[in-house]
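Notes to accompany the following structure.
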Amino acid sequence: PFSTDYSGKRAVEDTAAAVQTLRKNRISVMAVVTGGTAESEEAAKAIYGTDFVRIKDTGRFAVAVGALLSKKIAEVE
């Protein structure tokens, strides 16, 4: 199953569709992105909308997750 390349536009579109399906089922989806390129940020926007944060240092992971969770909680209140 891994003999063909699965990346780029097709992978982003498929992943975005999967995220939308989860959200339609009332499942919150967020992401911490570690890619440092403009392409990875554009892909994250296409997949997650505004529900992601990009970090350059994995030592900031906990802070990034905390920020995302705070944002989601504020949306519910």
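The values are calculated or read from the model by the stated rules, or taken from the named source; none is laboratory data. Everything quoted here is computed from the prediction, not taken from an experiment. For accessibility, only protein heavy atoms count, side chains too; no ligands or nucleic acids. Shrake-Rupley method; radii C 1.70, N 1.55, O 1.52, S 1.80 Å.
Within the set LYS9/LYS71; LYS9/LYS72; LYS9/LYS45, which residue pairs have Cα atoms separated by over 18 Å?
With Cα atoms farther than 18 Å apart: LYS9/LYS71; LYS9/LYS72.
Hey, of [x] -0.93, -1.13, -1.32; [y] -1.03, -1.18, -1.27; [z] -0.93, -1.20, -1.44, which did the structure itself give for log10 I(q)/I(0) by the Debye sum over Cα atoms at q = 0.21, 0.24, 0.27 Å⁻¹ when calculated? Comparing each candidate, only [y] matches the computed number. Report summary: the helix-based calculation at 222 nm, which adds -39500 (n - 2.57) for every DSSP H run with n ≥ 4 and divides by the residues of the chain, gives -18500 deg cm²/dmol.
Taking only C-alpha pairs under 8 Å that are 6+ residues apart, what is the relative contact order of the chain in percent? Mind showing how you got there, number by number?
On the way: 61 pairs, mean separation 20.6, N = 77.
Answer for the chain is 27 percent.
Heavy atoms of the protein chains alone define the surface here; on that basis the chain has 75 Å² accessible area per residue at 1.4 Å probe size.
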